[in-house]
Amino acid sequence: METVIPVHLPQHPYQISICPGGLRQIGLLMAERAALTPGQRVLVVANPNVFRYYGDAVAAALTQAGFSVFDCLLPAGERYKTLKSVQKIYDAALAHRLERGSAIVALGGGVIGDMAGFAAATWLRGIPVVQVPTSLLAMVDAAIGGKTGVNHPQGKNLIGAFHQPRLVLIDPETLQTLPKREFRAAIAEVIKYGVIWDVELFEQLEAAPRLDQLRSLSPELLLEILVRSCRAKAEVVGKDEREAGLRAILNYGHTIGHAIEALTHYRVFNHGEAVGLGMLAVGELAVELGYWSRECADRQANLIQKAHLPNRIPPQLNPDQVIESLQADKKVQSGHVRFVFPTGIGAVKLVDQVPSDAIARALRKLQVS
């Protein structure tokens, strides 16, 4: 059964389709939902691992619907999220003569989605992109909202553009091939939605016996996670497409998390793990500065522990380095780092006057002794 969640944007409305077995219908859905014309050229961008599992099915469904299908495979991993990789997409787009009526299909996790979306935003000044996330993290976060981009050596996602997809197609069956570590990491983003937006989702996660592997979730809870997370992201984006205000709350845990990723060269923690650490750090900050209670911080920490996510920062990661790295964050305004502070479960506040010594104390609390 398909669940459709609309993303209400004045100029770029689209749908999120949560559809088991949806990959086998992608060609028809692109023609019906994304206003893409069969006969046009489609470039499928993926990494070799994902393409091995799902590339043939996607290509067959697109071909059957009348599209001309080509592919571009990029290495897997955050460290390859660079302009050099995007250049390979441009090369493929040129080789296969993608026109303004052509489309790019991003088949994979958040790294592929961000790079393929950025290539689509900039090729011929913008061509359609369809996001087909195959990781839980991309399903609940990265594929929705139109943020695209790549990393700079000095910071994460510093190079990018807003480019809304024509369609987001989520096939939960693809999670069967997702590595356990990637599944756990995505739960950090799901917990984030509970903290910033959805009390009921947070409480459902608390009631779940386990959160550390797909098979431990009931089908009903998995669908709730997908629907509630996607709906939360869609509602926020619908009210603030380009992060002029409200959308900034989606960065909860990300400011410190991005710094941790960059300083460990994207080799120690994956994105969700780093966000989880960022949430723990900001939780400690919020308690110290009086924004929320110790009880709420402990409830958040318990969920992160239930998901078997890292809860300690390596001792060699100097808090002063983290604070310095925060200044390179793209969300810095007038020299001030903007933090999202929780004020209760389901409520947050934007704060841009946070003492550096308080940040350092919060980070030291998370360091391995």
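No value in this document is a laboratory result; all are computed from the given coordinates. What you are looking at is a predicted structure, and each value in this text was computed from that prediction instead of being measured. Note that we place each Cβ from the backbone using ideal geometry, even for glycine, and neighbour counts take in every protein chain shown.
With a ≥ b ≥ c taken as the square roots of the eigenvalues of the C-alpha gyration tensor of the chain, please select rounded if a/c is under 1.5 and otherwise prolate if a/b is larger than b/c or oblate if it is not? Cα axes put the chain in the prolate bin. Residue-wise HN-Hα couplings along region 108-118, as the Karplus relation 6.51 cos²θ - 1.76 cosθ + 1.60 with θ = phi - 60° gives them from phi, are x, x, x, 5, 5, x, 5, 6, 5, x, 5 Hz; Gly and Pro carry x.
At 0.36 nm per residue, and after removing the present C-alpha to C-alpha distance, how many nm does the segment from Leu223 to Gln305 gain when stretched out fully?
27.3 nm
Please report the projected area of region 137-200's Cα convex hull averaged over all directions, in nm². Mind showing how you got there, number by number?
Details: hull surface 24.1 nm².
The orientation-averaged projected area of the Cα hull of region 137-200 comes to 6.0 nm².
Placing a label point 7 Å from the Cα of Leu158 along the Cα-to-Cβ line, the residues of region 74-108 whose backbone N sits under 17 Å from it are 79-85.
The stretch between Leu350 and Asp298 holds 16.6 nm of extra length on full extension. This uses 0.36 nm per residue minus the Cα-Cα distance. Counting other Cβ atoms within 10 Å as a rough exposure proxy, the listed residues Phe183, Phe339 run Phe183, Phe339 from fewest neighbours to most. Look at Glu243, Glu284 and count the other Cβ atoms within 10 Å of each Cβ; fewest to most, that gives Glu243, Glu284.
Counting other C-beta atoms within 10 Å, which of Glu78, Glu173 has the fewest, and how do the rest follow? Write down the numbers at each step before the final one.
Working: Glu78 21, Glu173 14.
Least crowded to most crowded, the residues run Glu173, Glu78.
Close amide H contacts of Phe339 (hydrogens built in the peptide plane, cut-off under 5 Å, sequence separation of 5 or more or a different chain): Val351, Asp352. In this structure, the amide hydrogen of Gly108, modeled 1.01 Å from its nitrogen in the peptide plane, lies closer than 5 angstrom to those of Val132, Thr134, counting only residues at least 5 positions away or on a different chain.
Applied to region 269-285, the Karplus parametrisation 6.51 cos²θ - 1.76 cosθ + 1.60 on θ = phi - 60° returns per-residue 3J(HN,Hα) values of 10, 7, 4, x, 4, 5, 5, x, 5, x, 5, 5, 5, 5, x, 5, 4 Hz, with x for Gly and Pro. Database remark: amide H of Ala161 closer than 5 angstrom to the amide H of Thr148, Gly149 (H placed geometrically; neighbours at sequence offset of 5 or more, or on other chains; Pro and chain starts carry no H).
Here, region 221-369 is characterised by an Rg to Rh ratio of 0.95, where Rg is the alpha-carbon radius of gyration and Rh the Kirkwood radius. Computed across region 86-238, the Kirkwood hydrodynamic radius from all distinct Cα-Cα pairs reaches 16.3 Å.
Let me make sure I get this right: for region 3-177, a, b and c are the square roots of the gyration tensor eigenvalues over alpha carbons, sorted descending. Under 1.5 in a/c it's rounded, otherwise prolate if a/b > b/c, else oblate. Which is it? Taking the square roots of the gyration eigenvalues as a ≥ b ≥ c, region 3-177 is rounded. Kindly state, to the nearest 0.05, the FRET efficiency for Asn318 paired with Arg79, given R0 = 30 Å and r defined as their beta-carbon distance. Calculated value: 0.90. With contacts taken as Cα pairs under 8 Å and at least 6 residues apart, region 3-177 reaches a relative contact order of 25 percent.
Under 18 Å between alpha carbons: how many lysine pairs meet that in region 180-366, if sequence neighbours fewer than 8 apart on the same chain are excluded?
Working: Lys180/Lys306; Lys192/Lys233; Lys192/Lys306; Lys192/Lys349; Lys233/Lys349; Lys239/Lys349; Lys331/Lys349.
For region 180-366, qualifying lysine pairs total 7.
Taking a point 7 Å out from the Cα of Arg364 in the direction of its Cβ, none of the residues of region 240-256 has a backbone N less than 19 Å from it.
Our summary gives region 237-369 a relative contact order of 28 percent, counting only alpha carbon pairs under 8 angstrom and 6 or more residues apart.
Per-residue Karplus couplings for region 87-101, computed as 6.51 cos²θ - 1.76 cosθ + 1.60 with θ equal to phi - 60°, are listed in order as 4, 5, 5, 4, 4, 5, 4, 5, 4, 9, 6, 5, 10, 5, x Hz, Gly and Pro entered as x.
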